[in-house]
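*Asks:* The following block contains the structure, expressed as structure tokens.
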Amino acid sequence: MRNFLPLCFLLALCHTGQAQFRENPILNLQNEDKALLNWGYYLGFNQYDFKFEYRNDLPDIAVEKSLGFNVGLIGELRLNEFLDLRFEPGLFYSSRLLGFPGFAAENDAFREVKSTYISFPLLLKVSTRRFGNLKPFIIGGAGVALNLGSNQDSLDDNSSGTFRMKKSVVNYELGFGIDFYLEYFKFSPSIRGVFAITDELVPDNDPQSPWTGNIEALNTRGIFVNFTFE
């Protein structure tokens, strides 16, 4: 599962690029990048993880990751031939299973964390010159995400089976990809890493909680594979 997202990206890249590396390809969509504003949408997959900072040197909390999905819109402002400013609001669904050490009962040892993020990233896309019908790029920026499944306002905590996180998350994003200029649209697979800057943990009511008492900070991190259509 750990290598599934990069594998998806490579398969899409190979399949789409096969026809683009011919010796003299017919140039598609030659005016695609000249407009001041461009619009599109994206679909994709994600795999979220947690980074923990601990107060004491005790056994780590285990994280079992699963595959989630992404969907969103794109608004792009052309700055020049190589730079584009992009706003990519999207919906990201994921699920993680936390395993806490020191418990004999399964209902105490495990917490399923289901998260639905609404993300609002502002990104700078830096592209190379176009080579035939393809153009590599790197992309990065920062944004805010709202976690609709955070349980932040819940009065229950882990003693009642509820793992709580903060509703608002500030993060930064880095990635790379390739624009493929097809006959009718531009297709852009990319792979991205997303890293939360702010602490997301809402600690249990008991400061000595066996679930959150040893956690100094908790930050989401994830890897995405996006397939963009413009």
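*Asks:* How about the range 183-216: which of its residues are of a type in the set (D, E, K, R), within 26 Å of the chain's Cα centre (by Cα) and over 30 Å from residue 229 (Cα atoms)?
*Replies:* From the range 183-216, those of a type in the set (D, E, K, R) are 183, 186, 192, 199-200, 204, 206, 216; that's our starting set.
Then keep just the ones that are within 26 Å of the chain's Cα centre (by Cα); that gives 186, 192, 199-200, 216.
Within the range 183-216, 199, 200, 216 meet the criteria.
*Asks:* Also: From (1) of a type outside the set (Phe, Trp, Tyr); (2) under 19 Å from the mean Cα position of the chain (by Cα); (3) surrounded by 14 or more Cβ atoms within 10 Å (Cβ to Cβ); (4) modelled with pLDDT of 95 or more, pick out the condition that doesn't hold for residue 149.
*Replies:* The failed condition is (4).
Yes or no, residue by residue, for (1) at pLDDT 95 or above; (2) in a loop (DSSP other than H, G, I, E, B):
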{"site": "13", "(1), (2)": "no, no"}
{"site": "24", "(1), (2)": "no, yes"}
{"site": "27", "(1), (2)": "no, yes"}
{"site": "33", "(1), (2)": "no, yes"}
{"site": "42", "(1), (2)": "yes, no"}
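*Asks:* Being more than 17 Å from residue 52 (Cα to Cα), in contact with a helix residue (DSSP H, G or I) (Cβ under 6 Å, 6 or more places away or on another chain) and assigned to a strand (DSSP E or B) narrows it down to one residue among 178, 191, 139; which is it? Please lay out each step first, then the result.
*Replies:* Working: 178 fails: in contact with a helix residue (DSSP H, G or I) (Cβ under 6 Å, 6 or more places away or on another chain); 139 fails: in contact with a helix residue (DSSP H, G or I) (Cβ under 6 Å, 6 or more places away or on another chain).
Matching residue, one of 178, 191, 139: 191.
*Asks:* For the range 142-175, what are the residues that are in contact (Cβ under 8 Å) with a residue 24 or more places away in the chain, farther than 16 Å from residue 50 by Cα and either of a type in the set (Ser, Thr, Tyr) or in contact with a helix residue (DSSP H, G or I) (Cβ under 8 Å, 6 or more places away or on another chain) (or both)?
*Replies:* 159, 161
*Asks:* For residues in the range 105-136 being assigned to a strand (DSSP E or B) and open to solvent by 60 Å² or more (accessible area, probe 1.4 Å), which is modelled with the lowest pLDDT?
*Replies:* Step by step, filter the range 105-136, then rank; the result is 131.
*Asks:* On the basis of being within 28 Å of residue 57 (Cα to Cα), open to solvent by less than 20 Å² (accessible area, probe 1.4 Å), more than 17 Å from the chain's Cα centre (by Cα) and of a type in the set (Val, Ile, Thr), does residue 220 make the cut?
*Replies:* It is false that residue 220 is within 28 Å of residue 57 (Cα to Cα), open to solvent by less than 20 Å² (accessible area, probe 1.4 Å), more than 17 Å from the chain's Cα centre (by Cα) and of a type in the set (Val, Ile, Thr).
The values are calculated or read from the model by the stated rules, or taken from the named source; none is laboratory data. The model shown is predicted, which means the values in this text are computed figures rather than measured ones. Note that we place each Cβ from the backbone using ideal geometry, even for glycine, and neighbour counts take in every protein chain shown. These accessible areas exclude ligands, DNA and RNA; they are computed on the full protein's heavy atoms, side chains included. Shrake-Rupley method; radii C 1.70, N 1.55, O 1.52, S 1.80 Å.
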